[in-house]
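To start, the structure itself, in structure tokens.
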Amino acid sequence: MTNTVDPSEVAKFEAMAAEWWDPNGKFKPLHMLNPCRLDYITTQIAGEFEKDLDSATPFAGLRILDIGCGGGLLCEPMARLGAEIIGVDAAERNIPVAQAHAAQSGLTIDYRHTTAEAMAAAGEQFDIVLNMEVVEHVADPLAYLTACQQLLKPGGLHVCSTINRNPKSFAMAIVGAEYVMRWLPKGTHEWNKFITPDELFDLMRNAGLNPVDRKGFVFNPISWTWKLSDRDLSVNYVTAALKP
């Protein structure tokens, strides 16, 4: 079994674990981005599995895996929508934070300190795998995405977001977010680990996935909000792929 976990990357997030649910803390960018992420994720799931988002628990009957779940910012909304949600993270300190917040929120979520590779080796299967802002932190993206593919049932949906690699993403995601705005600790991201949309599509195809969609997450510095874009994938972007 290939281990794609990068210990130095895990250590970065271990150090920030207690701050996951502070909207003005080190994860402020994720809290700001979360409504936009959820809009994309829920729309893709509803379209692929013919679910009505206006119903009370539209994702009832779906088994969803959130890899790199952190404190549970995506797991909790998925649980509220009725899904059976499993959140896993390689950073052990994130799990008790996520468990405590789920308990406070009255939600039943299965959180585990483990990796995608270990779950794939155990034969776990899911309708949907959420792989948000993780692939730029792993040691071997192809091996990691192959594990994600193995975790999907045939016809399953893989949603993956990451950061493009170009001068603009260096200026925005590293200089802007880490040094100017100080939204993230310096060194959170390494520009050479960023992946272009075309590279990610090639990696997913090589991992046995069929890419079907990609959109940009675009930040508006005037309104301080994020929106989805069909055209601007220059910094943050998200993709959808299916397992044949």
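A short reminder: the numbers here are calculations on the coordinates, not readings from a lab. A quick note: this is a predicted structure, and the numbers were derived from the prediction, not measured. Positions of Cβ are backbone-derived with ideal geometry, glycine not excepted, and every protein chain shown enters the neighbour counts.
Of note:
- Applying the criteria of a DSSP loop state and at most 15 other Cβ atoms within 10 Å to the trypsin sites (Lys or Arg not before Pro) of the range 187-244 yields Arg231.
- Total lysine pairs under 20 Å (Cα atoms) in the chain, excluding pairs fewer than 8 apart on one chain: 17
- Taking every full run of DSSP H in the chain, none both stretches at least 27 Å from end to end by Cα along its long axis and averages 0.0 or higher on the Kyte-Doolittle scale.
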